[in-house]
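Starting off with a structure, shown below.
The values are calculated or read from the model by the stated rules, or taken from the named source; none is laboratory data. All values reported here derive from a predicted model rather than from experimental measurement. Methodologically, a virtual Cβ is constructed for each residue, glycine included, from the backbone with ideal geometry; neighbour enumeration extends over all protein chains shown.
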Amino acid sequence: MELIIRRNYVFSEKRMFEAGQRADRELHRIAVVAVVQNPLAGTLNADLQPLIRASVELGHAMAAMVVAACDPQSIESYGKGGIVGTAGEQEHANALLTTAYADPIRAALGGADAWISSFTKTGAPGTPIDVPMNHKDDIYVRSHYDGMSVTIPSTPQADEIALIFCVANRGRINARVGGLTHGEVALRKQRALSYAR
């Protein structure tokens, strides 16, 4: 099965303030979107393995989009999502967002280890989606529980699926609920790499 990419989008959001307080550094969120023709639109197919296998190539394409949109080494958190047009079903997006799809993006970000939060839905063109995000190396870093709201103009059409991958360069501005920190996770990862050598 071949996935045909009809359109690509890149959305960027930069923030320096939260509740009137200036941040110590800018929060930069980026969403890359690939809109594909849904090869299973209008059908009920029990076997979704062809979609999962086809998603690997899509993952490589979206990894290239992420790298073009930002410095991969600056990324601390990520999340994924999908909106299926009304001639398809939600499970079509889930089949395209498995580990097979995500591994090329993880590799592009320097080997991110954590589970990637995700959310999928069906919807008409212009349906908004909130893509959940978490730390790329440890899901328990509370400061990086965040999300990005994305609305794609005229998308998805009934026979399309919009796949969305979001990244951010830091956790929430003014995060202060405690717990494991980004610095602690980065140090632990650095030590593990040193031991492996």
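Considering each of Ala102, Ala107 in turn, give the residue that is over 12 Å from the mean Cα position of the chain (by Cα) and either in a loop (DSSP other than H, G, I, E, B) or of a type in the set (A, V, I, L, M) (or both).
Exactly one residue qualifies, and that residue is Ala107.
Something else: Of the residues Lys136, Lys121, only one is touching a helix residue (DSSP H, G or I) at 6+ places or on another chain (Cβ under 9 Å) and under 20 Å from Leu3 (Cβ atoms); which? Give the steps one after another, and end with the answer.
Numbers: Lys136 fails: under 20 Å from Leu3 (Cβ atoms).
Criteria check complete, one pass: Lys121.
Now, a different point. What residue, of Asp146, Asp159, Asp113, is at pLDDT 95 or above and either farther than 24 Å from Leu48 by Cβ or under 17 Å from the mean Cα position of the chain (by Cα) (or both)?
Values: Asp159 fails: either farther than 24 Å from Leu48 by Cβ or under 17 Å from the mean Cα position of the chain (by Cα) (or both); Asp113 fails: at pLDDT 95 or above.
Only one candidate qualifies: Asp146.
Scan (1) more than 18 Å from the chain's Cα centre (by Cα); (2) on the phi > 0 side of the Ramachandran plot for the single condition Gly88 breaks and write down its number.
Answer for Gly88: the failing condition is (2).
Okay, residues lined up against (1) at pLDDT below 95; (2) touching a Phe, Trp or Tyr at 6+ places or on another chain (Cβ under 8 Å); (3) within 16 Å of Asn169 (Cα to Cα); (4) surrounded by 12 or more Cβ atoms within 10 Å (Cβ to Cβ):
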| residue | (1), (2), (3), (4) |
| --- | --- |
| Arg6 | no, no, no, yes |
| Phe11 | no, no, yes, yes |
| Arg25 | yes, no, yes, no |
| Ile30 | no, yes, yes, yes |
| Ala41 | no, no, no, yes |
| Asn45 | yes, no, no, yes |
| Pro50 | no, no, no, yes |
| Val66 | no, yes, yes, yes |
| Ile75 | no, no, yes, yes |
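On to the next question. List the residue pairs whose Cβ atoms are under 7 Å apart, where the first residue sits in the range 114-137 and is farther than 14 Å from Ala93 by Cα and in a strand (DSSP E or B), the second is at pLDDT 95 or above and of a type in the set (Asp, Glu), and the two are 6 or more positions apart or on different chains.
These pairs meet every condition: Met133/Asp146; His135/Glu76.
Within the range 77-99, track down each residue that is in contact (Cβ under 8 Å) with a residue 12 or more places away in the chain and either among the β-branched types (Val, Ile, Thr) or assigned to a loop (DSSP other than H, G, I, E, B) (or both).
Keep residues of the range 77-99 that are in contact (Cβ under 8 Å) with a residue 12 or more places away in the chain, which gives 77-98.
Those that are in contact (Cβ under 8 Å) with a residue 12 or more places away in the chain and either among the β-branched types (Val, Ile, Thr) or assigned to a loop (DSSP other than H, G, I, E, B) (or both): Ile83, Val84, Gly85, Thr86, Ala87, Gly88, Glu89, Leu97, Thr98.
Would you confirm whether any residue within the range 64-76 is among the small types (Gly, Ala, Ser), free of Cβ contacts under 8 Å to residues at least 24 places away in the same chain and either touching a strand residue (DSSP E or B) at 6+ places or on another chain (Cβ under 7 Å) or in a loop (DSSP other than H, G, I, E, B) (or both)?
Looking through the range 64-76, none of the residues is among the small types (Gly, Ala, Ser), free of Cβ contacts under 8 Å to residues at least 24 places away in the same chain and either touching a strand residue (DSSP E or B) at 6+ places or on another chain (Cβ under 7 Å) or in a loop (DSSP other than H, G, I, E, B) (or both).
Can we say Arg188 is basic (Lys, Arg), in a loop (DSSP other than H, G, I, E, B) and either closer than 28 Å to Arg25 by Cα or at pLDDT 95 or above (or both)?
Considered against the rule, which asks whether it is basic (Lys, Arg), in a loop (DSSP other than H, G, I, E, B) and either closer than 28 Å to Arg25 by Cα or at pLDDT 95 or above (or both), Arg188 comes out as no.
Moving to a separate point now. Condition test on Ile152, is it of a type in the set (A, V, I, L, M, F, W, C), surrounded by 16 or more Cβ atoms within 10 Å (Cβ to Cβ) and touching a Gly at 6+ places or on another chain (Cβ under 9 Å)? If you could, list the steps in order and put the result at the bottom.
Numbers: of a type in the set (A, V, I, L, M, F, W, C): yes; surrounded by 16 or more Cβ atoms within 10 Å (Cβ to Cβ): yes; touching a Gly at 6+ places or on another chain (Cβ under 9 Å): yes.
Answer is yes for this residue.
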